[in-house]
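Shown next, in structure tokens, is the structure this report addresses.
Just so you know, all these numbers are worked out from the coordinates, no wet-lab data involved. For clarity, every value in this text was computed on a predicted model and none was experimentally measured. All Cβ positions, glycine included, derive from the backbone under ideal geometry; neighbour counts span all protein chains shown.
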Amino acid sequence: MLHVRQSFSDRIDEINLYYKLLSDIIKREAQLVFPNENDIRENFNVKVSSILKSSANLQLYNLVESTISNCLVEIHLSFTNETIVYSNLSDEIQKLWVKFHYDYFKETSNEKDILHNLKVLIDTWVTNTLPVTLTYREFTKYNAGGNFSGNLDSKEIRKLSEKYGINFDVKCDEIGSIKSRRNKLAHGEISFEEQGRQDSIEYMIVLKDRAVDFLNQFIRAVDDYISNTKYRRVV
């Protein structure tokens with residue numbers, strides 16, 4: 001989890017720098033100074049400030065998706081590197097592994113061959129007790145549900161936690177607000193200026209702080225999940 005925490009910390013540092021700039025522009029009425037043009041000064045108008053505020057929403061959603069993805073990468077690495085046989089995996093991981101191969105066979109085989117390929121899978125890995133491997137990159141290649149595509153809010157993250165057997169049931173309305181703003185901007189439903197005019201810098205700081213707290217709690221839950229090998233079957 002060291003990589004997850006470091007990446008999370010680095011992205012928060014980036015976001016905080018950006019928010020410091022926004023706050024200086026808006027609250028301290030910062031100006032642009034052009035030293036090569038006799039120190040000509042220009043104010044940031046409301047339109048520019050609004051566009052900059054909207055861009056912060058994209059940074060926050062990027063933090064959400066990257067953090068969740070990095071945590072899932074660590075989970076897949078953990079049970080893959082332990083070379084655990086199918087029967088010793090938790091029900092949740094068994095289901096994910098079977099779902100991955102079903103999606104893979106649907107994508108790469110004729111319909112009549114799917115059952116045959118599943119039988120070969122069972123005979124090879126389950127009957128012969130070969131260790132199960134499944135990196136997150138492999139898992140998301142054929143599993144559309146593994147690619148978030150702008151759909152992550154706290155409800156979806158709780159559903160995802162349930163699929164893996166992670167003990168995490170935290171609600172955070174602000175994650176949903178960040179997702180909604182990101183999608184409206186990404187799909188062109190609202191302009192960057194329009195969105196930025198709607199949100200005060202104070203409210204944006206609330207969104208940031210509560211999102212960071214929520215993600216910190218998720219990281220701790222995943223750390224506990226991996227440290228206590230909860231991807232293993234309880235005997």
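The table that follows gives values for the structure above.
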item: Shape of the range 124-235, Cα gyration tensor, a/c cut at 1.5; result: oblate
item: For the range 219-235 versus the range 38-99, the gap between their alpha-carbon centres in whole angstrom; result: 20
item: Estimated FRET transfer efficiency (residue 201, residue 99; beta-carbon r; R0 41 Å; 0.05); result: 0.40
item: Long-range lysine pairs (8 or more apart or interchain), the range 90-190, Cα under 17 Å; result: 18
item: Equivalent ellipsoid semi-axes, the range 35-94, via Cα gyration tensor eigenvalues times 5, rooted, Å; result: 52, 14, 4
item: Sequence-separation-based contact order of the chain, relative, with Cα cut under 8 Å and 6+ spacing, percent; result: 29
item: Theoretical gain in end-to-end length, residue 106 to residue 184 [0.36 nm per residue, Cα-Cα removed]; result: 24.8 nm
item: Gyration tensor verdict on the range 83-187 (Cα atoms; rounded if a/c is under 1.5, prolate if a/b is larger than b/c, oblate otherwise); result: oblate
item: Largest-first principal axis extents, alpha carbons of the chain, Å; result: 78, 39, 35
item: Dipole magnitude of the chain, debye to nearest 20 (Cβ charges: Lys/Arg +1, Asp/Glu -1, about Cα centre); result: 460
